[in-house]
Amino acid sequence: MASGTVVITGASTGIGRATALRLAAAGFAVLAGVRREEDGAALRADDHRIEPVRVDVTDAGQIAALAARVGNGPLAGLVNNAGIAVAGPLEGVPIDLVRRQYEVNVFGLLAVTQALLEPIRSGQGRIVNIGSIGGRINTPFVGPYSSSKAAVRSLSAALRRELRPWEIHVALVEPGALDTPIWRKGEEGAQETIGALPDRVRTLYARPLDALVAATRRIAANASSPDEAAQAVEHALTADRPRAIYTVGREARIQGALHHVLPARTFDALVARAMKS
């Protein structure tokens, strides 16, 4: 049954936006976290049942304001979707960029969860964390992003087990390549990261980095709809028997299955071949 209030972070675009619209249509009261007022206005124009809330998950003051808006609850659900993608060879990615990656994708997620756990507990609500198939399958030059999503996967499992006594279910949604701005931003971010690399590192990785930019562009062009992930989120919030993990997208399921059954050396060879192509 779709009822009660749900908070969604990172609702301006992509999975967050699709989820906000889907849950509002299903009957939830949606508090949609956005960073810019114009994004909130656009969401509100599409569905007046959505209430935009300014939330930067790295800003303690804005998280506190969100918690004050929610009050004592009850809260039916929290969807931790806000995220960014940092790309580049680990040998040369500036550490400050890696810290920023974790501040948004990991520490921001946990900070929002901590701030809203009491209203979730009072409403016997659920938590849905948006991870990535990249949290299980690491490909070259997206190490900062993949490792942050691996941390999200681990945190989700720990939270699920810790909150079990209160029957607060925690689900992880692991999308593959969906048609979201993170891929376009990823291409732009990769270009910026490449430009910030030391000359020696840029020279060492010149050809594979060109392949990375081209691959990111190709993935963005062939990605599937973010509504697939939104559908998984809705199931996680409403089903009598929600899953612990939802792998979204045919390619993600194939990659996950191959990664599970193939020896590491064989899978590494497949990744190297894919990079060359």
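A short reminder: the numbers here are calculations on the coordinates, not readings from a lab. Given the structure is predicted, the values throughout are model-derived calculations rather than measurements. FYI the Cβ positions are ideal-geometry reconstructions off the backbone, even for glycines, and counts take in every protein chain you see.
Structure summary
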read-out	value
Summed side-chain charge close to L172 - residues other than L172 whose Cβ falls under 10 Å, Lys, Arg +1, Asp, Glu -1	+3
Exposed-loop-free span, longest in the chain, where trypsin sites (Lys or Arg not before Pro) count as exposed if DSSP calls them loop and at most 15 other C-beta atoms lie within 10 Å	50-242
Under 5 Å, built H, 5+ apart or other chain: amide partners of T247	E174
Among S122, W166, I50 - extreme Cα towards positive end, dipole of the chain, charges at beta-carbon	W166
Once exposed loop GluC sites (Glu not before Pro) are cut out (DSSP; at most 12 other Cβ, 10 Å), longest piece of the chain	168-277
Between helix 227-238 and the chain: long-axis angle, C-alpha atoms, 0 to 90°, nearest 10	40 degrees
Simple label model, 7 Å out from Cα along Cβ direction - R161 to H235, nm	2.5 nm
Farthest toward positive dipole pole in the chain [+1 Lys/Arg, -1 Asp/Glu at C-beta], among V34, L109, T247	T247
Additional length obtainable on full extension of the chain from R36 to R273, 0.36 nm per residue less Cα span	81.2 nm
P(r) weight above 17 Å for the range 1-107, C-alpha pairs, percent	54 percent
Compactness of the chain - radius of gyration and Dmax, Cα, Å	18.7, 57
Label-point separation in nm, D96 to S225, each point 7 Å along Cα→Cβ	4.2 nm
The chain: relative contact order as a whole-number percent, Cα under 8 Å and 6+ apart	19 percent
Label-point gap, in nm, between L258 and F107 - each point 7 angstrom along Cα→Cβ	3.6 nm
Share of alpha-carbon pairs per 5 Å distance bin for the range 33-74, given as whole %	6, 25, 25, 23, 16, 6
The chain, dipole about Cα centre (Lys/Arg Cβ +1, Asp/Glu Cβ -1), debye to the nearest 20	700 debye
Built amide H within the under 5 Å cut-off of V128, gap 5+	L78, V79, N80, A171
J(HN,Hα) series, the range 105-111, from Karplus relation 6.51 cos²θ - 1.76 cosθ + 1.60, nearest Hz, glycine and proline x	6, 10, 5, x, 4, 5, 5
